[in-house]
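The numbers here are math on the coordinates, done by the rules we state, and not lab data. Worth saying up front: this structure is predicted, and the values here are computed from it rather than measured. Positions of Cβ are generated from backbone atoms using ideal geometry, with glycine treated the same way; all protein chains shown enter the neighbour counts.
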Amino acid sequence: MELWFSERHTPNVKLSIRVDKQLFSGKSDFQRIDVFDSPEFGRFLVLDGYMMLTEKDEFIYHEMITHVPMAVHPDVKNVLVIGGGDGGAVRELVRYDDIERIDLVDIDRMVTEVCLRYLPFTACGLNDSRVHTYFEDGLRFVRTKKNEYDLIIVDSTDPFGPGEGLFTREFYGNCYVALRDDGIMVNQHESPFYGEDALACQRAHKRIVESFPVSRVYQAHIPTYPSGHWLFGFASKKYHPLKDLNEARWNARKLACRYYTTTLHKGAFYIPAYVEELLSNVEHAD
Amino acid sequence: MKKLTQENAPIYEALVEMQNMRLVPFDVPGHKRGRGNPELTALLGEKCMNLDVNSMKCLDNLCHPVSVIRDAEKLAAEAFGAAHAFLMVGGTTSAVQSMILTVAAKGDKIILPRNVHRSVMGAMVLCGAIPVYVDPDCDDELGIALGMSREAVEKAIRANPDAKAVLVNNPTYYGICSDIKAIVDMAHKAGMMCIADEAHGTHFYFCDGLPSGAMEAGADMAAVSMHKSGGSLTQSSILLIGNAAEEGYVRQIINLTQTTSASYLLLASLDISRRNLALRGQRTFDKVRELAEYARGEVNDIGDYYAYGRELINGDSVYDFDVTKLVVNTLKTGLAGIEVYSLLRDEYDIQTEFGDLGNVLAYISIGDRVRDVERLIGALAEVRRRFGKGSAAGLMKQVYIDPVVEVSPQDAFYAECESLPIEQTAGHTCSEFVMCYPPGIPILAPGERITPQVLDYIRYAKDKGCSMTGPEDPEIRRLNVIKTVRGAH
């Protein structure tokens with residue numbers, strides 16, 4: 001039997017993965033949710049037809065969105081994760097004993113329920129007693145917070161659906177207010193490669209630059225995301241992602257990772273020339 | 001023949017049937033189902049171009065409807081509780097103008113509030129009617145004109161027993177309603193018609209818990225902007241009449257200025273929207289109301305902003321309030337409404353309906369989603385944090401400027417005039433319109449005396465970035481004033 005899942009990466013490019021079977025299909029108030037098993041990538045989660053994570057390569061994304069800021073900020077106690085209802089980022093965070101509280105805010109309760117049932121490899125940290133889960137609009141949640149968090153991780157979907165509000169200037173501004181004076185915000189920053197994604201990436205960068213004094217971009221290689229080349233944003237009120245990186249401190253934690261190392265951390269901020277150009281074009285606009 | 005119900009959409013159904021017939025078009029429009037204009041077809045889609053057709057036997061004719069358009073109008077009349085409904089394709093401007101042209105001829109008086117839409121004044125220029133203004137109440141704190149009080153209308157009627165009609169905004173752009181039922185009764189008792197500009201009141205007819213619609217209040221004519229809260233395409237509108245207005249005469253008036261090539265895209269959108277409203281209006285607008293009330297509460301929690309609601313109701317000049325309108329007074333943030341309006345657009349990619357000196361209006365409608373409302377609230381909080389000055393010092397409020405009508409709008413418009421630098425015009429009679437758009441309410445209308453107060457207002461509004469329209473000189477550095485009146489009234 002030939003059963004393939006295809007995702008359109010552009011109107012003219014698609015990625016197909018052979019599917020063994022479909023485990024779940026449902027429609028929440030916000031999106032369609034599907035879970036498949038595949039021979040190559042293992043189990044994978046799809047929202048509105050877009051692959052969110054696969055068993056085989058999700059570690060790259062979740063390690064990179066978490067450990068990079070954690071190796072820079074010397075004293076993270078309170079973390080806010082917006083989006084990320086699959087639990088992958090939380091799974092990495094609960095490995096840090098000195099984190100006291102993790103607030104997870106996702107708009108879609110059904111995503112988390114489905115992940116708890118079908119994707120235990122990402123959802124396994126959600127039952128940690130430090131994790132507090134809120135199912136509501138991230139923009140609304142963060143608006144009510146002031147000077148509360150050391151780290152905000154914006155683990156959003158693409159900016160063309162329910163995640164749209166998490167790519168706006170008002171959201172980044174509200175995050176700025178919700179962070180403490182030395183807080184860091186890390187966000188899923190789209191891909192710089194294909195036209196439409198690159199525009200979204202550029203717009204997000206422009207808005208973050210306008211909102212935070214320090215704003216840098218770092219990269220990772222994620223095979224199932226469009227073009228495989230993915231960016232993250234590092235925005236902060238005080239710390240520089242390289243100058244304030246404390247390798248010895250982080251390595252002393254002895255957290256085993258499969259993608260992240262403090263050496264890779266440094267390399268990840270050295271981005272291709274065309275991406276530098278794409279981003280610097282909006283850094284000094286207006 | 002099958003009985004028509006609100007489930008039907010006769011024009012839409014006829015269009016579907018027409019498409020199934022696969023007619024070979026040797027009539028206009030010349031693009032012939034889009035084939036002759038591939039770029040436009042790529043933009044709008046084949047489906048849309050296929051529906052852009054001309055009047056024909058199976059589709060009826062808006063100038064003289066006898067079949068499907070007639071049926072659609074009957075259903076619309078039934079849905080709105082009117083004696084008859086005219087589908088309009090020239091915007092609510094055409095509906096308002098048809099009302100004025102129906103009730104007044106040259107030299108006839110119409111009693112109306114000053115905060116009428118420019119289309120009312122335009123119709124007066126066309127027909128030569130004379131405006132009699134009722135002083136509206138003003139809310140000095142908010143800087144907005146309220147509705148007409150019963151006493152003020154009564155006074156105007158007593159002073160002008162020869163007036164032909166009273167015009168009511170139901171509601172104003174800001175959602176404020178006068179006591180339309182009482183005004184209708186006063187007008188009728190004095191032998192006058194009562195007509196309503198309901199550009200912002202379409203939804204009143206379909207949701208309990210909102211202010212009363214003009215037809216229900218017994219008004220003789222009402223212009224309802226289906227394309228605003230009703231969900232139809234821009235430029236489509238409906239003119240409603242009660243039993244006292246003569247359908248055939250109103251049709252003649254409409255046909256004086258209405259196109260003979262009415263767009264079926266607009267007509268079908270009216271038909272489908274009327275069906276939606278009739279079948280699902282209550283549920284839909286309950287949701288809109290809820291969303292607007294939620295937003296109002298959240299905006300008020302930000303601090304300094306004041307999103308007003310039903311607490312304004314005073315039983316007279318604010319007889320009722322349309323809670324779907326999210327009007328936010330911005331003065332306490334130290335920013336003019338127009339400044340917040342511009343910041344929302346330039347910094348946050350949020351387009352609101354309008355900003356005036358003290359307020360910004362976010363239009364909440366059947367198309368809104370909670371997450372978009374969250375963006376608006378988040379952005380307002382950010383505007384206050386980043387740009388707020390924390391005090392209203394130095395901000396000017398909208399004040400009501402009592403207009404002095406020296407000659408009729410028509411006489412003024414056609415009078416011999418001269419162009420003067422604006423600062424030299426005080427004391428002269430204006431011969432053109434000056435307005436902020438939106439909301440499109442004239443600051444000066446033809447025939448009104450220019451006062452220093454009006455000039456201050458224009459200067460300030462221009463400084464704050466209001467878009468000013470109307471005069472021949474688009475920069476409004478000069479104004480046309482009357483030299484001598486050619487043929488006094």
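For chain A, a crude dipole built from +1 on the beta carbon of Lys and Arg and -1 on the beta carbon of Asp and Glu, taken about the Cα centre, is about 460 debye to the nearest 20. For chain B, the mean residue ellipticity at 222 nm estimated from helices alone is -11500 deg cm²/dmol, where every DSSP H run of n ≥ 4 contributes -39500 (n - 2.57) and the total is divided by all residues, rounded to the nearest 500. Neighbour counts of other Cβ atoms within 10 Å put B:V16, B:V132, B:V168, A:V186 in the fewest-to-most order B:V16, B:V132, A:V186, B:V168. For the stretch A:191-286, the square roots of the Cα gyration tensor eigenvalues, ordered a ≥ b ≥ c, give a/c of at least 1.5 with a/b no greater than b/c, which places it in the oblate category. Averaged over peptide A:139-147, the number of partner chain Cβ atoms lying within 10 Å of each residue's Cβ comes to 3. Protection proxy ranking, highest mean first, for peptides B:318-325, B:214-221, B:258-265: B:214-221, B:318-325, B:258-265, where packing is the per-residue count of other beta-carbon atoms within 10 Å, averaged. With both residues required to sit in the protein assembly as shown, DSSP beta bridges show an antiparallel share near 65%.
In the structure shown, the pairs B:K155/B:K332; B:K2/B:K57; A:K27/A:K206; A:K237/B:K332 are assessed against 31 Å; a Cα-Cα span above that value is assigned to B:K155/B:K332; A:K27/A:K206. Show me the helices of chain B, taken as full DSSP H stretches, that run 15 Å or more along their long axis by Cα and average 0.0 or above in Kyte-Doolittle hydropathy. Long hydrophobic helices here: B:10-21, B:68-80, B:91-103. Per residue of peptide B:373-385, the mean number of Cβ atoms on other chains within 10 Å of the residue Cβ is 6. In this calculation the C-beta distance from A:E40 to B:R386 is compared with R0 = 56 Å, giving a FRET efficiency of 0.70. Here the ratio of the Cα radius of gyration of chain B to 2.2 N^0.38 Å is 1.00. Sorting the segments A:256-266, B:423-433, B:372-382 by their mean number of nearby beta carbons within 10 angstrom, highest to lowest, gives B:372-382, B:423-433, A:256-266.
Among B:230-239, B:27-36, the peptide with the highest mean count of other Cβ atoms within 10 Å heads the list, and the full ranking is B:230-239, B:27-36. Subtracting the Cα-Cα distance of B:C48 and B:E418 from their residue separation scaled by 0.36 nm leaves 128.4 nm.
Of all lysines in the structure, those lying under 21 Å Cα to Cα from A:K56, and not within fewer than 8 positions of it along the same chain, are A:K14, A:K21.
Once the Cβ-Cβ distance of B:L23 and B:T259 is raised to the sixth power relative to R0 = 22 Å, the FRET efficiency obtained is 0.50. Given A:T262, A:A178, A:P226, which one lies farthest toward the positive end of the charge dipole of chain A, if we put +1 on the Cβ of every Lys and Arg and -1 on the Cβ of every Asp and Glu? Working it through, the farthest residue towards the positive pole turns out to be A:T262.
In terms of its alpha-carbon gyration tensor, chain A comes out rounded; the largest-to-smallest axis ratio a/c stays below the 1.5 threshold. Look at the stretch A:160-170: the mean tally of other chain Cβ atoms within 10 Å of its residues' Cβ atoms is 4.
I need the shape label for the stretch B:281-387. Rule: rounded when a/c is under 1.5, else prolate if a/b > b/c, else oblate, with a, b, c from the alpha carbon gyration tensor.
Judged from the Cα gyration tensor, the stretch B:281-387 comes out oblate (a/c at least 1.5, b/c at or above a/b).
If the label point is 7 Å along Cα→Cβ of B:K3, which residues in the stretch B:256-289 have backbone nitrogen under 18 Å from it? Output list for this probe position: B:279. Distance between the pseudo-spin-label points of A:V13 and A:A252 (7 Å out from Cα toward the beta carbon): 4.4 nm. Note on chain B: antiparallel DSSP beta bridges, both residues inside, total approximately 70 percent of the bridges counted. When the convex hull of its Cα atoms is viewed from all sides, the protein assembly as shown shows a mean projected area of 38.5 nm². For the protein assembly as shown, the Cβ-based charge dipole about the Cα centre amounts to some 580 debye (Lys, Arg positive; Asp, Glu negative; other atoms uncharged).
In deg cm²/dmol and to the nearest 500, what is the mean residue ellipticity at 222 nm of chain A if only DSSP H runs of at least 4 residues count, each as -39500 (n - 2.57), divided by the residue total?
Estimated from H runs of four or more residues: -9000 deg cm²/dmol.
Secondary structure note: in the stretch B:151-266, about 30% of the DSSP beta bridges are antiparallel.
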